[in-house]
Amino acid sequence: MSRIAVVGAGSWGTALANLLASKGEQVVLWAYEREVVEEINRRHRNDLFLPEAPLHQAIRATDDLKEAVGGAEVIVSAAPSHAVRAVMAGAAPHLKRGVLVVSASKGLEAQGLKRMTEVLREVLPGQEAIVALSGPTFAREVYEQQPTAAAAAGPAQAALLAQRVMSSNTFRVYTNDDPVGVELGGALKNVVAIAAGILDGLGMGNNPRAALITRGLAEITRLGVAMGAKPLTFAGLAGMGDLVLTATGPLSRNRTLGIELGKGANLEAVLAKRLSVAEGVGTAKAAVALGEQVGIELPITREVARVLFEGKSPRAAIGDLMERTLKSEAAA
């Protein structure tokens, strides 16, 4: 039995905590919201973020970071990407040296354009065993113990340890030595999922969705390779696997947001109704800046950002994508 701290009690963190507790691990779940802590400890539920989902009774919740991570052998970082730096910096003084840190957040930091493991390396100096976990994993289906798979990417021994800790008979984890590709795939697919939702909101069919997913993957791969990722990573679980899930699945928060935008809602109104974060919103802006930084054209991402932040109409964005200069499929 390992003592594991899951930092972040949104739907994903809660589902992972339940997965680990069901394996017999000793799990402490840190939540920002005091009412979430009280409900988990009293009723074994987190109806705010994972409703109608009784949790394993061995899970203990706290809003005290020192209590959560102190003495833990494994830390699962599952806060929203925009909060990871602040939350894990607060946890840093209380971590044992040499612990395994599993980054389960999918996104890019807006200010520094950093991947989540880069953020963790900055705020957790001296901690070397940092691994990114990503793949086609809706929180609700993981909670329901529906079979799925994910990739654990990082230093070889740390990835092997993360594989052993996180795997169960319904959650199969593969090791991967390309954290750049795994994290970029996990972050950027959310932007393409927003675009896919916009198509659905506009009442479009299967042809445009298939073209979008394919060209979206090409765009993600170009950026990833320019940043040092391996091309094959994007054909794997954290690339194509997660992209197909998030761009087509009804549980996708990013696709659902896109549907509402396609139907004419504005971003502020959509976000005002939500408790959970749609990571693709912040990632779209960060990815555009990252593409400019490394000289890679990201036409789909740029059009999504224009719809989100510049008030561009979705139909105009589609028109501009379709009327770009004709090129080889292998070109940008």
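The values are calculated or read from the model by the stated rules, or taken from the named source; none is laboratory data. Everything numeric in this text was worked out from a predicted model, so none of it was measured. So basically every Cβ, Gly included, is an ideal-geometry build from the backbone, and we count neighbours across all protein chains shown.
One residue is enough: does region 165-172 have a residue meeting the conditions at positive phi and not assigned by TED's automatic domain parsing to the domain that holds VAL277?
No, region 165-172 has no match at all.
Tell me which of these LEU267 doesn't satisfy, since it passes every other one: (1) of a type in the set (A, V, I, L, M, F, W, C); (2) crowded, with 23+ Cβ neighbours inside 10 Å; (3) without any contact (Cβ under 8 Å) to a residue 60 or more places away in the chain.
So the condition that LEU267 fails would be (2).
How many of the residues in region 282-299 are closer than 21 Å to SER252 by Cα, crowded, with 23+ Cβ neighbours inside 10 Å and not polar (S, T, N, Q)?
Adding up the residues that qualify gives 3.
Restricted to region 54-83, and to residues that are touching a Lys or Arg at 6+ places or on another chain (Cβ under 7 Å) and under 15 Å from ALA15 (Cα atoms), which residue is surrounded by the fewest Cβ atoms within 10 Å (Cβ to Cβ)?
PRO54
Scan region 37-82 for residues that are touching a residue at least 60 places away in the same chain (Cβ under 8 Å), farther than 18 Å from PRO125 by Cα and out of contact with any Ser or Thr (no Cβ under 7 Å at 6 or more places or on another chain) and jot them down.
Listed by number, the residues that qualify are LEU48, ALA53, HIS82.
With the condition kept exactly as written, say whether any residue in region 220-236 is more than 20 Å from MET204 (Cβ to Cβ), among the basic types (Lys, Arg) and not assigned by TED's automatic domain parsing to the domain that holds PHE138.
Yes.
Got a number for residues in region 242-252 being farther than 15 Å from GLY185 by Cα and buried (at least 22 other Cβ atoms within 10 Å of the Cβ)?
Going through region 242-252 one residue at a time, the tally reaches 1.
Checking the conditions here, which among ALA162, ALA193 is out of contact with any helix residue (DSSP H, G or I) (no Cβ under 6 Å at 6 or more places or on another chain) and either surrounded by 16 or more Cβ atoms within 10 Å (Cβ to Cβ) or part of a helix (DSSP H, G or I) (or both)?
Within the list ALA162, ALA193, the selection yields ALA162.
For region 131-154, check the following and say yes or no: at least one residue is β-branched (Val, Ile, Thr) and farther than 28 Å from ARG274 by Cβ.
Among the residues of region 131-154, at least one is β-branched (Val, Ile, Thr) and farther than 28 Å from ARG274 by Cβ, which makes the answer yes.
Please go through region 1-33 and give me each residue that is crowded, with 18+ Cβ neighbours inside 10 Å, under 21 Å from the mean Cα position of the chain (by Cα), outside any helix (DSSP H, G or I) and not aliphatic (A, V, I, L, M), ordered by number.
Hits for region 1-33 are GLY8, GLY10, TRP30.
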